[in-house]
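For reference, the structure is listed below as structure tokens.
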Amino acid sequence: MSAHHDEKPHCCQTASSGKCSMVFLAISFLIGFLFFLGVGWIVFPKLLYSKKIQPIDFDHKLHTAEAGGCESCHSLREDGTFTGIPGLDNCLQCHEEQIGNNPEEQKLVEDYVKQNKEIPWLVYSRQPDCVFFSHAAHTKMGKIECKECHGDKGESEKTVPYEENRITGYSRDIDGRIVPGLKLAANDRMKMTDCGDCHKKHGENNACFVCHK
Amino acid sequence: MSLGRRAFLQFSLGAGAGLTLSPLPWKLLDDSSIWSQTFRGLPIEVPVPPAGEVTIKKTVCALCPGGCGISVRKVKERAVKIEGTEGHPINDGGICPMGAAGLYQIYGGARVTKPLKRTGERGDGNWSEVSWADAISDISTQLNKTRKEGLSHTVACLSGSDQGTVPQLLKRLLSAYGSPNFFSMPSLRDTEGLALRFMHGKKGVLGYDLENADYVLSFGSGLIEGWGSPVSVFRAHSALRDKAREGKAKLIQLESRLSNTAAKADKWIPIEPGTEAAVALGLAHVIVKEMLYNKQFIDNNVFGFEDWVDLNGKTHRAFKRMVLEDWPVDKVSAITAVPAAQIFELARGFAKSSAPLAVAGRGKGMTPSGLNEFMAIYSLNALVGNVNKKGGVCVVPEIPLKEWPDIARDGLALAGLEHQRIDGADTKQAPVAQSLFNMVPDLINQINQEKMSDVMSALFIYNANPCYTLHNTQQVASAFNKIPLIISFASHKDETAKYADYILPNHTNLERYDDIYMPPGLGFPVIGLSQPVITPQYDTRHTGDVIIELAKAMGGTIAESFKFANYETLLKERLAEKWDTLVAEGFWKDDSFKLEGDRGFDTPTERFELFVIGLQRGGFISKDDNDYLPYYKSFPMSGEKDEYPLILIQTDSMRLANGTIATPPLMTKTVSDSVLKKNDIVVEINPQTAATYGLLDGDKALLKTPTGKTNVRVSYYNGLKPGVIAMPTGLGHTAYDDYICGKGTNSNDIIGTVTDPVVGFDIAWGCRAEIKRIIA
């Protein structure tokens, strides 16, 4: 290293290093910092999530008024399993033929009822296959209301775009609507720690096997 | 360093800091780890059926004649699990591995998804899809043409069994068409049928009340290898074992190999291969000599025990004198390698028990026995009078179904029916057998190709895979190559379907209605109803419907004889008042049938015949009176002893299916390295024998028989007689898909046929063999 000092002057020894260059360097740092902060916080989420539209723009408010409550289509079966998002046969109870003049209903009848094709709904609350979730344990035993985890979907008149994580394939509703880790409402995020937090709060069993059979 | 470069460095540092303080790297890490657990779009992605309502549908398994009741669990429209149905009289919740793996039949590979027509050479595997309408139209046109040429008798049909409504429909079709050539695949049932016919004078199913017996002598029967109605026998076997532990029962297995059944028995008696009947006659000798037989039953209900004089004044030596003169214990001991003392002990133990039962039929009972050999074992039951009694044998009569409407026959049909059967059954050569398809390959191979249309112009194949299950598969294959028109109803591309000109795929058993009529060996009359559990997955059609449509397409009296709307309607009519019970429970059992009961004997002498006069009346004339008695004749094996010094026997296992339905891959995975090692079949050999051939455990060898040869690996087994090689059955498929094909060797490739001179069945259970170490 000592030989180095006999050669061309070192950068830190040049006359040009002074307050000016310090500021320039600081600004460079700041530009890099702020730019990539923006990339990470704003651009990345936009790129990471693709916006998909539900096959039919379903009006929950109208249907809950007609059918009465969440349970009329999303219910617990005799054996305790949850019906989840109903199949076409549920819609057929009323929509064998078009009963209104809504273009969305027309889509239902023409593209699905008449073709006997199941509607490929995009499920916001879909969890990975390794997760075992029992609705009965939560809604029946825990007496938790649907909207606590799913939001007040019953009041919605339009469907919300399904923001799919391009890498994992799960919805943004699972990853975190707002910002990773930041929750304003209980259902802004539904990853493992969120389930765990709620279990902890209520003194419920938090062992691995409770959800991972 | 220049300012610009320093600035860039600072920029990069800032970028790094900015990114780190943003969610990007952390989210990317988390998401990547989740991605690695989803396998989305990758070849290893496991298909998960859509979630939905869970339902359970009851039906009856049709993969073997056993008739177990099964419950199929479905998630929405997908069948996901098969279990035995609790409370079913045959299996009561139990199920065998094949039944449990039954989903493979529906969703597994090699399914024929549409009707196919052959393009290119036989066996090439080139098919073109045809519509059902075209296929039926083509075939019916061809058949009508054959008929008009006065050759209706050349159209034949081979069915897995002759029980059940679809085989009956095929028989009906041939009858209305004008052909006597309905064949059913050979099995132990053929021998049992003849024994019932001649000894009892009855038609039905031979029932063994294993559960209630207290001294069971099993002559090589694989009670836990799949004999009888497998799950039912397993349950009875368990009951026997429970009783045995308390000293209340005994199971003795006489077999040349330590099978699973032998290993679990109270005693395993090793015998020379093929000498089961000789042992039985030796036991009979002791029982008769020491007067241990049931005198009352013999005097009142048996004919042919004492010598009798015929109408011409000739005295015929009968059972008593025959066993006393021809089967002294020393002679039997020399033939069978069973020590004399053992023979005495067994005979006395058997005769002195309150419910002694002798069981016959080697292994699973896939191969028929000779009649005399079977009678030798079966007659032990008569000697002790354990017939129509609890813990004994009985004849379960056929359950009557609704009568078929009369068949309309025109002149062509009547003319055709006058012809002799191709297999020689029901003719002077083989008067008592009903079907002898085992004779057919050799017959065909001797005919010139040009003459084929005058002998067998067409062959339907239903629920059978003869190119795999018959002995000497090479002979069968070359015969099948010659048949001008072959129509297979197979649901999967099996070995026989490879030779077909048309494949008209049937629904699998879980996709169709069918009657499972009176499974073998049960002590009560029962019918099962196979019901559709899922909608047919592909463009397949119920063979019953296809036959009806074919008949209608052929017109005339044939169509007149088939005035059925469809198969389901026909089946419903046939099952009449039993239908509702069948749909609700899956089975219909005749509870009024009692095992114990005097059912009489409808033989010419109105007694249980040990000397079967009925056989003579049936058309089999022999100068040798021993042909009408239970008898043992040494097994005629081809090949010279010095060229083929060893004996090869086939071994049956519950883990491998050696019948029409191929072993599903999940089952093949359950066998050990002493059965299949990688893709090599493993044969068992006694270490002593192995030593003389310089074979070490696991060595590769060439196994040769007069019929063929194959590469094998050897496995040392002390439970096998020296001089004997044991080869598992059920492997060596050359069709289906990659998961089934190419594993091991089909033992039928190298075992030839042996024709029983009295009845004409192929009674081969093994052959002479030679083994040589492969040095490579």
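The values are calculated or read from the model by the stated rules, or taken from the named source; none is laboratory data. Please read all numbers here as calculations on a predicted model, not as lab measurements. Note that we place each Cβ from the backbone using ideal geometry, even for glycine, and neighbour counts take in every protein chain shown.
Out of the residues in the stretch B:37-87 meeting the condition of being of a type in the set (Gly, Ala, Ser) and not in a strand (DSSP E or B), tell me which one is farthest from B:Ser232 (Cα to Cα).
Result: B:Gly41.
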If a residue has to be surrounded by fewer than 24 Cβ atoms within 10 Å (Cβ to Cβ) and part of a helix (DSSP H, G or I) to count, how many in the stretch B:262-279 make the cut? 2
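Okay, residues lined up against (1) farther than 16 Å from B:Ser161 by Cα; (2) outside any loop (DSSP other than H, G, I, E, B):
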{"position": "B:Ala433", "(1), (2)": "no, no"}
{"position": "B:Leu443", "(1), (2)": "yes, yes"}
{"position": "B:Ile447", "(1), (2)": "yes, no"}
{"position": "B:Phe460", "(1), (2)": "no, yes"}
{"position": "B:Gln474", "(1), (2)": "yes, yes"}
{"position": "B:Phe480", "(1), (2)": "yes, yes"}
{"position": "B:Ile516", "(1), (2)": "no, yes"}
Hits in the stretch B:280-295 - residues which are buried (at least 22 other Cβ atoms within 10 Å of the Cβ) and either under 26 Å from the mean Cα position of the chain (by Cα) or of a type in the set (D, E, K, R) (or both): B:Ala280
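Kindly evaluate B:Ser71 against the criterion of being farther than 27 Å from A:Ile42 by Cα, of a type in the set (S, T, N, Q) and more than 7 Å from chain A (Cβ to nearest Cβ). Spell out the reasoning first.
On the way: farther than 27 Å from A:Ile42 by Cα: yes; of a type in the set (S, T, N, Q): yes; more than 7 Å from chain A (Cβ to nearest Cβ): yes.
Here the answer is yes, as B:Ser71 does meet what is asked.
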Return the residue satisfying two criteria in turn: it lies in the stretch B:1-36 and is more than 7 Å from every other protein chain (Cβ to nearest Cβ) and not in a helix (DSSP H, G or I), and of such residues it is farthest from A:Cys130 (Cα to Cα). B:Ser2
Which of the residues belonging to the stretch A:8-31 are modelled with pLDDT of 75 or more and facing chain B (nearest Cβ under 7 Å)? A:Ser21, A:Phe24, A:Leu25, A:Ser28, A:Phe29, A:Leu30, A:Ile31
Of the residues in the stretch A:56-94, those that are farther than 14 Å from A:Cys146 by Cβ and in contact with a Phe, Trp or Tyr (Cβ under 7 Å, 6 or more places away or on another chain) come to A:Leu88
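Restricted to the stretch B:522-538, and to residues that are closer than 15 Å to B:Pro397 by Cβ and not hydrophobic (A, V, I, L, M, F, W, C), which residue is surrounded by the fewest Cβ atoms within 10 Å (Cβ to Cβ)? Full working, then the answer.
Here is the first cut: in the stretch B:522-538, the ones closer than 15 Å to B:Pro397 by Cβ are B:522-527.
Going one step further and asking which of them are not hydrophobic (A, V, I, L, M, F, W, C), we end up with B:523, B:525.
Numbers: B:Gly523: 23, B:Pro525: 20.
That would be B:Pro525.
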Here are B:Ala213, B:Ala249: which of them is touching a residue at least 60 places away in the same chain (Cβ under 8 Å), within 22 Å of B:Glu596 (Cα to Cα) and crowded, with 20+ Cβ neighbours inside 10 Å? B:Ala213
The stretch A:88-105 - residue that is surrounded by fewer than 13 Cβ atoms within 10 Å (Cβ to Cβ) and either of a type outside the set (A, V, I, L, M) or under 13 Å from A:His135 (Cα atoms) (or both) and, of those, farthest from the other protein chains (Cβ to nearest Cβ): A:Asn101
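Count, please, the residues in the stretch B:399-428 that happen to be within 27 Å of the chain's Cα centre (by Cα) and surrounded by fewer than 13 Cβ atoms within 10 Å (Cβ to Cβ). Spell out how you get there, then give the answer.
First, pick out the residues of the stretch B:399-428 that are within 27 Å of the chain's Cα centre (by Cα): B:399-401, B:421-427.
Okay, now just the ones that are also surrounded by fewer than 13 Cβ atoms within 10 Å (Cβ to Cβ), so B:400.
Of the residues in the stretch B:399-428, 1 are within 27 Å of the chain's Cα centre (by Cα) and surrounded by fewer than 13 Cβ atoms within 10 Å (Cβ to Cβ).
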The number of residues in the stretch B:706-747 that are assigned to a loop (DSSP other than H, G, I, E, B), surrounded by 19 or more Cβ atoms within 10 Å (Cβ to Cβ) and among the polar types (S, T, N, Q) is 4
Quick check, is A:Ile174 more than 13 Å from the chain's Cα centre (by Cα), crowded, with 18+ Cβ neighbours inside 10 Å and within 13 Å of chain B (Cβ to nearest Cβ)? no
Scope the stretch A:37-87; condition loosely packed, with under 15 Cβ neighbours inside 10 Å, under 17 Å from the mean Cα position of the chain (by Cα) and away from chain B (no Cβ under 14 Å); matching residues: A:Lys51, A:Lys52, A:Ile53
Those residues of the stretch B:343-394 which are over 23 Å from B:Gly226 (Cα atoms), among the β-branched types (Val, Ile, Thr) and not in a helix (DSSP H, G or I), in sequence order: B:Val384, B:Val387
Does B:Ile106 meet the test of being at pLDDT 95 or above and in contact with a helix residue (DSSP H, G or I) (Cβ under 8 Å, 6 or more places away or on another chain)? no
If B:Leu311 passes every condition in (1) surrounded by fewer than 22 Cβ atoms within 10 Å (Cβ to Cβ); (2) over 26 Å from the mean Cα position of the chain (by Cα); (3) at pLDDT 95 or above but one, which one does it miss? (3)
Suppose the filter is among the basic types (Lys, Arg), touching a helix residue (DSSP H, G or I) at 6+ places or on another chain (Cβ under 9 Å) and either in a helix (DSSP H, G or I) or in contact (Cβ under 8 Å) with a residue 12 or more places away in the chain (or both); does B:Lys451 pass it? no
